[in-house]
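Report on the following structure.
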Amino acid sequence: MKISMRAAVAVSALLGGLAWAGEKHYYPVMVALDGRYFNATMSMARNSDRPLESFHCFTETTATEVYGACSARDAAGVAAICYTYNQNLLAAIRSITDSSLVQVQWDASGMCTYIQVRYSSAYEPKK
């Protein structure tokens, strides 16, 4: 009885994994000015055949300060940018890779208030 229970658990684990094999999510650049947020995967912006679409984040260090910014422009040309001096948000920017899904929110003054960075094998890789 114990062996058949173990076998059932093992088969379930294998089949469950197969159900998700090859999962893919597509996140083209999306800018929502009314909601003050934008998101995209870095690789989809890079691989896009839509000429206006772009997504950028950077940090810069000078002798007196460290700051960063993120900007996005969707396929329709709608663009947004925000800046930050917040160390937690700067750390999030630094963690971005070429296959990250990034969501950014900003306030009325143009300062970034939220940066989420996600990683998944389901996101399109850079070509």
- Message: Can you tell me which condition S48 does not meet? The list is (1) of a type in the set (S, T, Y); (2) in contact with a strand residue (DSSP E or B) (Cβ under 8 Å, 6 or more places away or on another chain); (3) crowded, with 16+ Cβ neighbours inside 10 Å, and all the others hold.
- Response: (2)
- Message: Any residue in region 95-113 that is free of Cβ contacts under 8 Å to residues at least 60 places away in the same chain and farther than 14 Å from V31 by Cα sitting within a Cβ distance under 6 Å of a residue that is surrounded by fewer than 19 Cβ atoms within 10 Å (Cβ to Cβ) and β-branched (V, I, T)? List the pairs, counting only those 6 or more apart or interchain.
- Response: S95/V117; I96/V117; S100/V117
- Item | Residue count for region 26-44, restricted to those that are outside any helix (DSSP H, G or I) and either modelled with pLDDT under 85 or crowded, with 19+ Cβ neighbours inside 10 Å (or both) | 9
- Task: For residues that are basic (K, R) and either assigned to a loop (DSSP other than H, G, I, E, B) or modelled with pLDDT under 95 (or both), tally how many sit in region 45-89.
- Result: 2
- Only one of (1) over 18 Å from T113 (Cβ atoms); (2) in contact with a Gly (Cβ under 8 Å, 6 or more places away or on another chain) fails for S99. Which number is that? (2)
- Task: Could you look through region 84-98, keep only residues that are within 17 Å of the chain's Cα centre (by Cα) and of a type in the set (S, T, Y), and pick out the one that is nearest to T41 (Cα to Cα)?
- Result: T97
- Does G22 satisfy the criteria of being farther than 26 Å from I115 by Cα, under 25 Å from the mean Cα position of the chain (by Cα), assigned to a loop (DSSP other than H, G, I, E, B) and modelled with pLDDT under 95? yes
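The values are calculated or read from the model by the stated rules, or taken from the named source; none is laboratory data. Bear in mind that the values here come from a model prediction, so they are computed numbers and not experimental data. With ideal geometry, Cβ positions are generated from the backbone for all residues, glycine too; neighbour counts draw on all protein chains shown.
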